[in-house]
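Reviewing the structure listed below.
The values are calculated or read from the model by the stated rules, or taken from the named source; none is laboratory data. Since the structure is predicted, the reported quantities are computational estimates derived from the model, not experimental observations. We place every Cβ from the backbone using ideal geometry, glycine too, and count neighbours over all the protein chains shown. Side chains included, ligands, DNA and RNA excluded: accessible areas come from the protein's heavy atoms. Shrake-Rupley method; radii C 1.70, N 1.55, O 1.52, S 1.80 Å.
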Amino acid sequence: MNLNKKDLRKIMYDFNSISNRLMQSDFQDYNSVLKKFLMFISNTEIINEFIKDCGNCKINLAEEFSQIQNSYGNLIFTLGETNQEEVCNIFAYLNYINDNDIDICNRIAMGYSGSSKYQDMVKGFNDRVVFVLIRHIEGYLTKIGIDMGVDEKNTFNITVKNGQVNIANDNSTLIAYNNISFDPNELNKLILNVKKISQKEQLNCNLEVISEELKSKQPRKSFIKTAVEGIKMIKGTAEFAAVVTTLIQFVQSCI
């Protein structure tokens, strides 16, 4: 697959967005959001190839689900002993839930929470199962970004085989535009101020989106607004909140 760093950042941003939505979804909307999450993975080649390369789930899914449902909270899913097993097993579990339209609040997620509330069960299942898969995918994408380096003018051909990620530079170029009337130095200063306070991956991804969109010839306001909302959701110190507020006010004045 051909990919440049800007493409990768957009994939990471979109993945963070759909992952956050699933992690925070209401139990009544869970299956519909899960379907969107799985569809995003299937339609995103770089992530889909990573999951395929982790192997096939060897667990009897029908039997596993039956045992967990009949245990009334005494059993939970077997994730695996290796990172690869965790990826392929969890992905298989989620697809089985989606394909069979299973309500995880119906005894599936009982073992992940001491509470009888459906929302608490969903949160427990997300925290101990879904988030494991999300972190593996985030780590994989982050490592690819590191290997690609900082030169955004290059396009890279990425292949995955037997756990090996191969990144080849084909020396193609991208054309950058900067016709928007705002002070880039002020924007960079504000972004640096925020980064000094928090280095969270989600925060940095949202900051990258804001920076790239405001520098583009036709900035997409919907992308910028989504990124701003993502930053607002990140909790931090009073100092962090102050610099975030200043950044948001500046961004809103530009759009």
Rounded to the nearest 10 Å², the 1.4 Å probe accessible area of Phe65 is 10 Å²
In nm, to one decimal, how far is the modelled label at Asp147 from the one at Lys221, with both set 7 Å along Cα→Cβ? 4.0 nm
Describe numerically, in nm with one decimal, the distance between label points set 7 Å from Cα along Cα→Cβ at Lys189 and at Arg135. 3.9 nm
Going toward the positive end of the dipole of region 70-155, with +1 on Lys and Arg Cβ and -1 on Asp and Glu Cβ, which of Tyr140, Tyr112, Val129 do you reach last? Tyr112
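About its Cα centre, how strong a charge dipole does region 1-108 have in debye, to the nearest 20, once Lys and Arg get +1 and Asp and Glu get -1 at the Cβ? Can you show the working numbers first?
Details: 10 positive and 15 negative charges, 93 e Å.
Roughly 440 debye, rounded to the nearest 20.
Using 0.36 nm per residue, how much length does the chain from Arg21 to Gln119 gain when fully extended, once their Cα-Cα distance is taken away?
Gain in length upon complete extension: 33.9 nm.
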In terms of the Cα gyration tensor, with a ≥ b ≥ c the square roots of its eigenvalues, is region 1-101 rounded because a/c is under 1.5, prolate because a/b exceeds b/c, or oblate? oblate
